[in-house]
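Report on the following structure.
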Ligand SMILES: Nc1ncnc2c1ncn2[C@@H]1O[C@H](COP(=O)(O)OP(=O)(O)OP(=O)(O)O)[C@@H](O)[C@H]1O
Ligand SMILES: [Mg+2]
């Protein structure tokens, strides 16, 4: 069987899997961004209780394995009465985990905005909230976009784990094909290429474009 | 270390209430006493310049008035009302953030490094406080901002981001941004120190015009002795966190009484 023939037979299955991988990736990214902004801001709160909650969250999700978290969300939470569909459990686990890393990026970027910006906003008598949303976060966004570029690729790669709770993503389909045909080189080789192409020719250019767009908005380009 | 606040009036009354009054204000950073029981009044419409050696507390005075720093003891009054404190049941208590916001609206500040918002145009910088803080409509805010950009000679730069403006232009936008809020008190902290010599006059000319045209109270820290002498109603020489000597520019620059003032002025004049 040539590789072309292999693709002719199994290509559409892998294409379906790739679509699911992309959807899982996009949803996980949304979750990660929301979690990152929320917990990143909480980490900077004046209220020690709020700060503490965020610190515990970040510690737990960064300090334990994504796979274990995925299994917890899918297999253990139902024991406490919280049943999640495997599709939801998949992107949620990846998003919650990566969001913990993102929260540290958000916090670091906010703290990297020069003090003079905070002071100028205060001198204009802005409320804390407006100062954050209108003055600090837009500038923090420019600072944190390059490291987010790496994190977003981690999110893409992280979604491969959802195959282990039987979400029919690319990795899942490829493993099924491998079990059925023993064509490991072709099956996993294709997966390798697809993940690389997605990361290199879709995710990275989008993140770069976003960086350029934001730099222009800030008048730096 | 609680201070007996009952010796301070709850608010200032009378014919000559100063626009700004520091009473017995002390500021420490750890063991370092930066301001030592400072008393200082600034009258309405007055232009007061603060000079003094590096580290004498000049910037700290402005920052406390702008509420960028808290004070350790004493009271600051603005427009007759306490800024650092508020009245509750006939007593002065530390001010709530709501109280501070209300009084702070009377004060504007320009910084040594401009601190314009880099993601907004010159016009956007001026409009931001008007729309977001004062709640003006975008049209009103734009109108008022353009008046001020025009006043500082930058109407045609309205759509430029700060990164495309020279230092002198950025500082003028910063002045327009602060003035647009219509403060009663303007604070200038070494607003020409970060500028190339050839553009300093762009900024000093704007400030010069404010002295004539407005009923604006101004407090300015500067190392430009010539400018201070020319436009101030009064000059304060700071030393070790207190006013060592103050008076009209003529008196202070030409007939300083205190030895430290003389030494400082000699050193500065030698350097130039
Ligand atoms: N956040 C801070 N923490 C610790 N010390 C500080 C802080 N801010 C200021 N100081 C110290 O307080 C003293 C007064 O500082 P200030 O900035 O008011 O001086 P200045 O008169 O404006 O000096 P310069 O002419 O150099 O601007 C200095 O010794 C400074 O090191
Ligand atoms: Mg200073």
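Throughout, read-outs are computed from the coordinates displayed, never taken from laboratory work. Model, not experiment: these values are computed from the prediction. Don't worry about glycine lacking a Cβ; one is built from the backbone with ideal geometry, like all the others, and counts go over all protein chains shown.
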Label residue A:22 and residue B:198 with points 7 Å out from Cα along Cα→Cβ: what is the distance between them in nm?
5.6
How large, in Å, is chain B by the Kirkwood hydrodynamic radius built from its alpha-carbon pairs?
19.5
Inter-probe distance in nm under a simple model that places probes 7 Å from Cα toward Cβ, at residue B:230 and residue A:83:
8.2
For B:108-115, mean number of other protein chain Cβ atoms within 10 Å
4
For a footprinting-style exposure proxy, rank A:10, B:113 by other Cβ within 10 Å, fewest first.
B:113, A:10
What is the angle, in °, between the Cα long axis of helix A:204-217 and the longest principal axis of the Cα atoms in chain A? Nearest 10 is fine, range 0 to 90.
20
Listed residues A:83, A:97, A:125, most fluctuating in chain A (Gaussian network, C-alpha, under 10 Å)
A:125
The FRET efficiency for residue A:67 and residue A:13, from their Cβ-Cβ distance with R0 = 41 Å and rounded to 0.05, is 0.95
Counting only DSSP beta bridges with both residues in the protein assembly as shown, what percent are antiparallel, rounded to the nearest 5?
60
Going by the alpha-carbon gyration tensor, a ≥ b ≥ c the square roots of its eigenvalues, is region A:3-217 rounded (a/c under 1.5) or, if a/c is not under 1.5, prolate (a/b greater than b/c) versus oblate?
oblate
When 1/r is averaged over all different Cα pairs and the result inverted, which Kirkwood radius in Å belongs to the protein assembly as shown?
26.7
With a 10 Å Cβ neighbour count serving as the proxy for reagent exposure, in which order, fewest first, do A:3, A:195 appear?
A:3, A:195
Order of A:173, B:142 - criterion: other Cβ atoms within 10 Å of each residue's Cβ, fewest first:
B:142, A:173
Under a 10 Å cutoff between Cα atoms, tell me which one of A:180, A:109, A:36 has the largest fluctuation in the Gaussian network model of chain A.
A:180
Quickly rank A:20-30, A:140-150 as a protection proxy: mean count of other C-beta atoms within 10 Å, highest first.
A:20-30, A:140-150
Compute the FRET efficiency between residue A:2 and residue A:180 as 1/(1 + (r/R0)^6), taking r as their Cβ-Cβ distance and R0 = 22 Å, and round to the nearest 0.05.
0.75
For region B:55-195, the convex hull over Cα atoms projects on average to an area in nm² of 9.6
If you count the DSSP beta bridges with both ends in chain B, what percent of them are antiparallel, to the nearest 5?
60
Please give the FRET efficiency for residue B:262 paired with residue A:133, using the beta carbon to beta carbon distance and R0 = 56 Å, rounded to the nearest 0.05.
0.60
Spin-label point model (7 Å from Cα, Cβ direction): what's the residue A:204 to residue A:119 distance in nm?
4.1
Compute the relative contact order of chain A as a whole-number percentage, counting only Cα pairs closer than 8 Å that sit 6 or more residues apart in sequence.
27
